[in-house]
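The values are calculated or read from the model by the stated rules, or taken from the named source; none is laboratory data. Every value quoted in this text rests on a predicted model; they were computed, and no experiment measured them. Cβ: placed from backbone, ideal geometry, glycine included. Neighbour counts: every protein chain shown. Surface accessibility is based on the protein's heavy atoms, side chains included, excluding ligands, DNA and RNA. Shrake-Rupley method; radii C 1.70, N 1.55, O 1.52, S 1.80 Å.
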Amino acid sequence: MPSAIEVRKVPIHSVADASELARLIDDGVMAADRVIAIIGKTEGNGGVNDYTRIISDRAFREVLVEKGAPAEAVKQVPIVWSGGTDGVISPHATIFATTDAEPTDDPRLTVGFAMSERLLPEDIGRVAMVTKVADAVKVAMEKAGITDVADVHYVQTKTPLLTVHTIRDAKSRGKTVWTEHTHESMDLSNGCTALGIAVALGEIEMPTDEDVMHNRDLYSAVASCSSGVELDQAQVVVVGNATGVGGRYRVGHSVMDDALDQDGIWEAIRSAGLDLPERPRTEDLDGRLVNVFLKCEVSQDGQVRGRRNAMLDDSDVHWHRQIKAAVGGVTAAVTGDPAVFVSVSAAHQGPDGGGPVAAIVDLG
């Protein structure tokens, strides 16, 4: 049986700052060698060349080593950074660590981690990637002690996207790639990964290559997929609930049907176990919400609730940044806290124009 989980959200005060992680360890909230995953937002451009993700990754790993965790073990800790804190979104990290707690029959937070087989550049956007991701999700579920897919509420991944270098590598071996536009490959990698999650959890049947990025009726309600230049495998973190693990925390999920769907956020918080009134307000959270994790996407028809917007036509500011800022504002208005995990590029993650929402609450 996996260990109970301690989870805390901390601010990031500057690009290379990990002082709040150090403070948690110094205060005895968690041990450096028991940190098992970190998921956070950095303040870069969110694009292919967003090196704030690499800077934060190094800063947090250095603190873990400095505070006593073995260097080789720290290299294996999944740290997933989503770049871009557009609008009011505030840079922060959510840190997961194992802890000792009495077992309980109540469902409580559990986390499992796995790495996929190596993803070749020619795999990205194709069924080969879907299969490799799906296999890794199943391994992560097993490590989390989850046997029923209904107990999976959040799957956070980090996968490679295409760069000029990897495109050239594929061509040198006589292979083709789905796209030669590196920024487009971010959406592609995320979307294809989400289909792998959906297959693993039985949400959809195995798609075809033609379905990827085209059949938006195929999606996962729990996938949160990010991509970058930091790795060449799928890094998979499965977050769910299990009986017997103990602890104070629980996770739930729902979906936003569109960019303004506050009810989708509230429903995720209810799903996690908080008893809320029919029309809740921020103060009803009473400090018990640890964090929410969302993916967002511009609707392919260029509308929100029947009203036209210009995000897909804007040549000055990419729609990635616009929709992230908009949904970040909606989310912060619900939670009362701008430190929310809102990530863009949600193809096959929730319905078109919306996205999945996961919430972790403290029931202690």
Discussion item. If I go through the range 257-276 residue by residue, how many of them are assigned to a loop (DSSP other than H, G, I, E, B) and open to solvent by less than 60 Å² (accessible area, probe 1.4 Å)?
Written reply: 6
Practice prompt. Pick out the one residue from Gly329, Gly353 that is small (Gly, Ala, Ser) and either closer than 18 Å to Ile39 by Cβ or in contact with a Gly (Cβ under 6 Å, 6 or more places away or on another chain) (or both).
Written response: Gly329
Worksheet, complete the sentence: With the first residue restricted to the range 258-286 and required to be touching a residue at least 40 places away in the same chain (Cβ under 8 Å) and among the small types (Gly, Ala, Ser), and the second required to be in a helix (DSSP H, G or I) and buried (at least 19 other Cβ atoms within 10 Å of the Cβ), Cβ contacts under 8 Å at 6 or more apart or on different chains are Ala259/Ile323; Ala259/Ala326; Ala259/Val327; Ala259/Val330
Practice prompt. Take the range 271-303 and flag every residue that is out of contact with any strand residue (DSSP E or B) (no Cβ under 7 Å at 6 or more places or on another chain) and farther than 20 Å from Ala325 by Cα.
Written response: Asp275, Leu276, Pro277, Glu278, Arg279, Pro280, Arg281, Glu283, Asp284, Leu285, Asp286, Gly287
Fill in: Selection count, the range 211-239, where residues are open to solvent by less than 40 Å² (accessible area, probe 1.4 Å), closer than 14 Å to Asn190 by Cα and among the β-branched types (Val, Ile, Thr)
3
Worksheet entry | Whichever residue in the range 174-193 is farther than 23 Å from Met206 by Cβ and not polar (S, T, N, Q) and, among such residues, is surrounded by the fewest Cβ atoms within 10 Å (Cβ to Cβ) | Gly174
Response to the item:
Filtering strands (runs of 3 or more DSSP E) wholly in the range 57-173 for at least 1 residues that are in contact (Cβ under 8 Å) with a residue 60 or more places away in the chain, in contact with a strand residue (DSSP E or B) (Cβ under 7 Å, 6 or more places away or on another chain) and open to solvent by 50 Å² or more (accessible area, probe 1.4 Å) gives 108-118
Practice prompt. Say whether the condition of being more than 27 Å from Thr147 (Cα to Cα), of a type in the set (Gly, Ala, Ser) and open to solvent by 50 Å² or more (accessible area, probe 1.4 Å) is met by at least one residue in the range 23-42.
Written response: yes
Response to the item:
Glu184 passes all but one of the listed conditions (1) free of Cβ contacts under 8 Å to residues at least 40 places away in the same chain; (2) within 20 Å of the chain's Cα centre (by Cα); (3) under 24 Å from Ala18 (Cα atoms); the exception is number (3)
Worksheet item: In this structure, is Thr99 at pLDDT 95 or above and touching a Ser or Thr at 6+ places or on another chain (Cβ under 7 Å)?
Response: yes
Item to complete: Go through the range 46-55 and count every residue that is farther than 16 Å from Glu184 by Cβ, open to solvent by 10 Å² or more (accessible area, probe 1.4 Å) and touching a residue at least 12 places away in the same chain (Cβ under 8 Å).
Response: 3
Fill in: Which numbered condition Thr208 fails, given (1) touching a residue at least 60 places away in the same chain (Cβ under 8 Å); (2) open to solvent by less than 30 Å² (accessible area, probe 1.4 Å); (3) out of contact with any Asp or Glu (no Cβ under 8 Å at 6 or more places or on another chain)
(2)
Item to complete: Only residues in the range 224-248 that are touching a residue at least 40 places away in the same chain (Cβ under 8 Å) count as the first member; pair them with residues that are among the aromatic types (Phe, Trp, Tyr) and open to solvent by 10 Å² or more (accessible area, probe 1.4 Å), Cβ under 6 angstrom, at least 6 apart or cross-chain, and list the lot.
Response: Val237/Phe113
